[in-house]
Amino acid sequence: MNRKLIAEFTYDLAPVKRGYNKRTLYINVGTKEIKAKPVSDMMIDKFVGGKGFDMYLMWHGVKDDTTWNSPENEICIAFGPLCGNTSYPGSGKSIVTTISPLTGIPVDCNVGGHFGPYTKFSGWDALELQGKADEEVIVFIDGDKGTVQIFSAPDEEINSHIFAEELIKEFADSPDKHQFVSVVSTGNAADHVNITCLNFSFWDKRRKVARLKQAGRGGTGTVFRDKKIKAMVVKYSGLKADTNNPVDLPTLQQTGLKLHKEIEAGDSTQCRMHEVGTAHLMEVMNDYDLLPIRNFKYGQAPEAIGLHSREFTALFTQGVADGCWYGCSLSCCKAVDNFKPRTGPYKGQSVCVDGPEYETAAGCGSNIGVFDPKDVVEINFYCDTYGVDTISFGTSTAFVMECYENGILDKQKTGGLELTWGNADTALELLHQMARGEGFGLTVGKGVRAMKAIFAQEYGADPDFLQDIGMEAKGLEYSQYMSKESLAQQGGYTLALKGPQHDEAWLIFMDMVNNHIPTFKDKAEALHYFPMFRTWFGLQGLCKLPWNDIEPANNTETDEPAKVPEHVANYVDIYKAITGKPMDKYELIRQSERVYNFQKVFCMRMGKGRRIDDVPPYRAVGPVTEEEYLSRSERYDKQLQDKLGVDPSGKSTAEKMQILRSYREDQYQQLIDAVYERKGWTPAGVPTLEHLHKIGMDLPEVLDVVKRYL
Amino acid sequence: MKVLKPLPEKCIACHACESACSNLYFKEDNAALSCIVITESITYPDMNVCNQCQACVAACPTLALSVNSNGVVMINKSLCIGCLMCVAVCPTGSMHTSPGLQNPFKCIACGVCTKSCPADAIKIVVE
């Protein structure tokens, strides 16, 4: 490719010390300024790394009125002190943040692939992208030479499955060194819609293809393209067992080896990650009435047998080391090889498809009434390569299908598309339209919140009904679990800072199935502990899955099996082994609490983040329609009798629904009261000054924002 | 396939094989750094050594493990990133590691131990 060098920055290569470089990379593609910024001890003490560094850098990069497409909006990508070690499974994560086009507040995504570790070992603890380029560009970090360059990007093809591979081949030193290059890219849809993602590549040496992992949520790809960035490329060739320079390599190795052996012994009878990845959840969720069916109306359907995990096992190539970073023996990132799409620009071509993971199989499968796994694979493929988030696509498509079912939409309004349940052809056409920038796909690609306003204003639809069935909160689409019967998970979703994603808390089994957290106080404690614990993965550059998707054989005999105490101890051990700093299971939570509250205040600064924003659509809480109530009438009638002392006999379905709704909405509000108190926030959802002092997140800029709301 | 064949019924547990192995590959007489491991028991000693089954090859994420023309599994240290996943998947516990070592190590059927054995308890065979 004939590229013009637009800007260049040279830096001294230096080894990582105990997990840190102590500098971050700033790139402004608008002004073409590239520079190193020092990492202060305060940053490490209070923000740790990873998402903490992202949030700190972004806070100081944006203004109170910055929107997603303001030039000063940033895309920050950070890695964390534990990121890149090759000993402990799940240690290769990058954390991406930006002001989201869907929510207007910071979104954070935890993503695999090799870009993060390679950029870290190239010399950077975080990367900050700002400005808007005046022509299409790519950014290249050469961690072998110590240069950062901005090049022109006349490339015609930007869809990731092709573009990532082209760039890897272009920037690798030779054909046998493709594995040393990683690419961040998106796809054509990111030029046109908001429900987009970034793809982080890793070169699969066995398959000889660029695999793609997604920073999926919140429209990161749209911000990337708004800056006229086509891709970022990193090259780093020096990876060894001790490149992260741990203070105690033997302990790190032994802790990792212990978990490798646990996975080898237990995975085939626990989660079968080796075999089918997170898609193993399909029948589990369906059996427990938790698999979203037709826009979260139901949690179970007989047709879901079509999406049983054995169907995906049969599609995935077996017996391959499928880790998204070296040393991950959980190996969950499965792939469908030699898949031939039946639609779109790549129809008939042989492609490698990453996934489907559970979220995709549920969101682009059962939730839109599609039960053929090959249709799900094709939607997955086009979402990835076009740069579309499979979760938001699934939930947004489910929403318009329900609107179509209810007559809010018709073929005239959809440009001829028949948005009937299970119509995979139409779902695929929506995707192709998003990539081409035309048709009703552009409307769907705005996301559920925007569509609610459009359908109410332009089509005269009932805004209350749209609010009830539109599965979004804060502007972000729900991920793919039914929360109707788990009050704790209703809170887990709605209180999640970036919007309703399950990565803060997944409490459904604890709450609904096992009844381990029966009281408001119990639920509030769980909604404090688990979001804090899970936040820690993002601070360190770790994956959540090796924490509890494999458990020690004796885990159920421990005091707190839901916390997987032995694995918590592992994290304490590897943190100390890498950084040499003191750590215990309490300090681990305190590290998270500081960053979590900082992010909370950041959301408030950008105009959201209080109680008025923690509002679930009623579909996430209870039955919206009579058909939903009637489908589970035995359950709901029993609840009226047992929990409210109301005799359901003689009452109409509408009357029973209203009584149940009042009860459930009141329960939700009581839960929020309890959780806010436990988290150290006011009833309005604002962190108290005392709490911020207590946890050590009392920076002047933070207190200034909080005082506006007290 | 070239493979080291242990004959426990002949082994006298003198550990000379471990010395020969560790001396050749690590320049020190240290049983913890030997690719063949002799564990004494009340019956015949246990002689643990790689049978070249190749289970580790499939687990290696960097293709640092490969099978040579003799059917012997070899480690390419320039490709190995020391994740030790191969150690965990080895069904016979014959892929070894030692605290602080960058890479694992294993028997490559070189035969140096057979020459050191006074009891003819180890043979190189081609299967």
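Name the residue from A:Cys76, A:Met58, A:Val111 whose Cα lies farthest towards the positive end of the charge dipole of region A:5-235, charges +1 on Cβ of Lys and Arg and -1 on Cβ of Asp and Glu. The residue sitting farthest along the positive end of the dipole is A:Val111.
For chain B, find the longest principal axis of its Cα atoms and tell me its angle to the long axis of helix B:16-26, 0 to 90°, nearest 10. Compared with the principal axis, the helix lies near 30 degrees.
Under 1.5 on a/c is rounded, so check that first for region A:5-235, then, if it is not, pick prolate when a/b is larger than b/c and oblate when it is not; a ≥ b ≥ c are the square roots of the alpha carbon gyration tensor eigenvalues. It comes out rounded by the Cα gyration axes.
Averaging 1/r over each pair of different alpha-carbon atoms in chain B and inverting the result gives 14.8 Å, the Kirkwood hydrodynamic radius. Among beta bridges identified by DSSP and lying wholly in the protein assembly as shown, the antiparallel ones come to about 85 percent. Of the residues making up region B:51-69, those losing 30 Å² or more of accessible area when the isolated chain is joined by the remaining protein chains, with a 1.4 Å probe, are B:Ala58, B:Pro61, B:Thr62, B:Leu63. The distance separating the Cα centre of region A:259-332 from that of region A:177-254 comes to 23 Å. Solvent-accessible area of region A:67-128 (1.4 angstrom probe, protein heavy atoms only): carbon and sulfur portion equals 51 percent. Around the Cα centre of the protein assembly as shown, unit charges on the Cβ atoms of Lys, Arg, Asp and Glu (plus for the first two, minus for the last two) sum to a dipole of about 1780 debye. Whole-Hz Karplus values for region A:485-495 come out as 9, 10, 4, 4, 6, 4, x, x, 6, 6, 7 Hz, taken residue by residue from phi with 6.51 cos²θ - 1.76 cosθ + 1.60 and θ = phi - 60°; glycine and proline positions read x.
Across region A:267-477, Cα pairs under 8 Å and at least six residues apart give a relative contact order of 16 percent. Between chain A and chain B, the total buried accessible area stands at approximately 1900 Å², from heavy atoms with a 1.4 Å probe. For region A:278-326, the carbon plus sulfur part of the accessible surface works out to 57%, probe radius 1.4 Å.
Under the combined filter of DSSP loop state and at most 15 neighbouring Cβ atoms within 10 Å, region A:30-125 retains these trypsin sites (Lys or Arg not before Pro): A:Lys63. For B:Leu4, the solvent-accessible surface with a 1.4 Å probe is about 10 Å², rounded to the nearest 10. The contact residues of region A:72-101, meaning those that lose at least 40 Å² of 1.4 Å-probe accessible area when all protein chains sit together rather than their chain alone, number zero. Here the 3J(HN,Hα) profile of region A:254-271, calculated from phi with Karplus coefficients 6.51, -1.76 and 1.60 at θ = phi - 60°, is 5, 5, x, 5, 4, 6, 4, 5, 4, 5, 4, 7, x, 4, 5, 10, 9, 9 Hz, Gly and Pro shown as x. Counting only other chain Cβ atoms within 10 Å of each residue's Cβ, the peptide A:238-248 averages 3. Averaged over the residues of peptide A:318-325, the number of Cβ atoms from other protein chains lying within 10 Å of each residue's Cβ is 3.
Shown here is the pair-distance distribution of region A:343-477: with all Cα-Cα distances grouped in 10 Å bins from zero up to the longest one, the shares run 13, 47, 32, 7, 1 percent. When the solvent-accessible area of chain B is split by element, carbon and sulfur atoms take up 56 percent of it, the probe being 1.4 Å. Centroid-to-centroid, using Cα positions, region A:545-614 and region B:62-107 are 33 Å apart. When both bridge partners sit in region A:5-235, DSSP labels roughly 80% of those beta bridges antiparallel. Straight Cα distances below 14 angstrom link A:Lys347 to the aspartates and glutamates A:Asp375, A:Glu378, A:Asp425, A:Glu429, with same-chain residues fewer than 8 positions distant left out. In chain A, helical runs assigned H by DSSP with n ≥ 4 each contribute -39500 (n - 2.57); averaged across all residues and rounded to the nearest 500, the mean residue ellipticity at 222 nm is -12000 deg cm²/dmol. The mean sequence distance of close C-alpha pairs (under 8 Å, at least 6 residues apart), as a share of the length of region A:336-413, puts its relative contact order at 24 percent. Take the cross-link list A:Lys205/B:Lys2; A:Lys608/A:Lys679; A:Lys51/A:Lys608; A:Lys340/A:Lys413; A:Lys35/A:Lys120 and give me the ones stretching past 25 Å between alpha-carbons. Going by Cα-Cα distance, A:Lys205/B:Lys2; A:Lys340/A:Lys413 fall outside the 25 Å limit. Look at the stretch A:256-268: the mean tally of other chain Cβ atoms within 10 Å of its residues' Cβ atoms is 3. Considering only B:Ile42, B:Asn23, B:Met85, the residue lying farthest towards the positive end of the dipole of region B:2-111 is B:Met85, judged by Cα position with unit charges set on Cβ.
Summing charges over all other residues whose Cβ lies under 12 Å from the Cβ of B:Ser22, with Lys and Arg as +1 and Asp and Glu as -1, gives -2. Listed by chain and number, the aspartates and glutamates placed with their C-alpha closer than 19 angstrom to that of A:Lys651 are A:Glu626, A:Glu627, A:Glu628, A:Glu634, A:Asp637, A:Asp642; residues fewer than eight positions away on the same chain are left out. Probing with 1.4 Å while keeping every protein chain in the model, the per residue accessible area of region B:2-111 equals 43 Å². Around the Cα centre of region A:5-235, unit charges on the Cβ atoms of Lys, Arg, Asp and Glu (plus for the first two, minus for the last two) sum to a dipole of about 880 debye. Note on the protein assembly as shown: Cα Rg divided by 2.2 N^0.38 Å, N the number of residues, gives 0.97. Sorting A:Trp68, A:Trp203 by solvent-accessible area of protein heavy atoms yields A:Trp68, A:Trp203, largest first, with a 1.4 Å probe. Protection proxy ranking of A:660-666, A:388-394, by the mean of other Cβ atoms within 10 Å over each peptide's residues and highest first, is A:388-394, A:660-666.
Positive end of the charge dipole of chain A (Lys, Arg +1 and Asp, Glu -1 on Cβ, about the Cα centre): tell me which of A:Gln501, A:Phe371, A:Tyr236 has its Cα farthest that way. Value: A:Tyr236.
Separation of region A:31-79 and region A:129-158, taken as the distance between their Cα centroids, equals 19 angstrom. A 1.4 Å probe run over the protein chains yields, for region A:250-377, 33 Å² of accessible area per residue, whole-number rounding.
The values are calculated or read from the model by the stated rules, or taken from the named source; none is laboratory data. Not measured: the values here are computed from a predicted model. Every residue, glycine among them, receives a Cβ derived from its backbone with ideal geometry; neighbour counts consider all protein chains shown. Keep in mind that these areas ignore ligands, DNA and RNA; they rest on the heavy atoms of the full protein, side chains included. Shrake-Rupley method; radii C 1.70, N 1.55, O 1.52, S 1.80 Å.
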